[in-house]
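Just so it is clear, none of the values below were taken in a lab; they were calculated from the coordinates. Note that the structure is a prediction, hence the values are computed from the model and not measured.
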Amino acid sequence: MGHKISLTLLTIILLISLAGCSRSATPADQSDTPNGEAQESQGETYTETNSADEYQMLPLVSGRVADLQLDASADGTTQQLNKGELMSITLDSNSSTGYGWFASSSNQDVLTQIGEPQVIEPQATSGTPIVGAGGTEILYFGATETGTITLTLEYKKGWETDITPEKTIIITVEVK
């Protein structure tokens, strides 16, 4: 029961943080500043840009950066987290081919995936997506209970169940 409450709280926190990330200034909120900044009545400042960074979400959950940020080089390693900490894994991906990263854990009570993977597609300097080019996927996990688990990440087409994944990454995670 306790892990369900923890999972529910993590989900609510994630949703609240994502709602805050997607907010941008509207013309009613803008002031006539020379550098394109928009000011809100509550004193928060949002800068409008035309760069690809505007569309890239940082690994933030409830205003925090993930406590542990990994990539494909973590394959075969043992990582340590404290209960309540967050972990993100950034991996190369090309969603236009139908492939994506799918996670499975030897014990979902210890390490829980938070939401769906975030897909970041490459953009041209003009800000338009580059069709067919590879990008990245970021998967987020929360350490909800103490224990040691094996996290398996498979790069495959989700609808192909009896086919060997193109890539597999295995990480041992110890939660204290």
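Observations, loosely collected:
- Compared with the direct C-alpha span, the chain from GLN113 to GLN79 gains 10.7 nm at full extension, assuming 0.36 nm per residue.
- Built amide H within the under 5 Å cut-off of ILE114, gap 5+: TYR140, PHE141, GLY142
- Extent along principal axes [Cα atoms of the stretch 80-176; Å; largest to smallest]: 45, 34, 17
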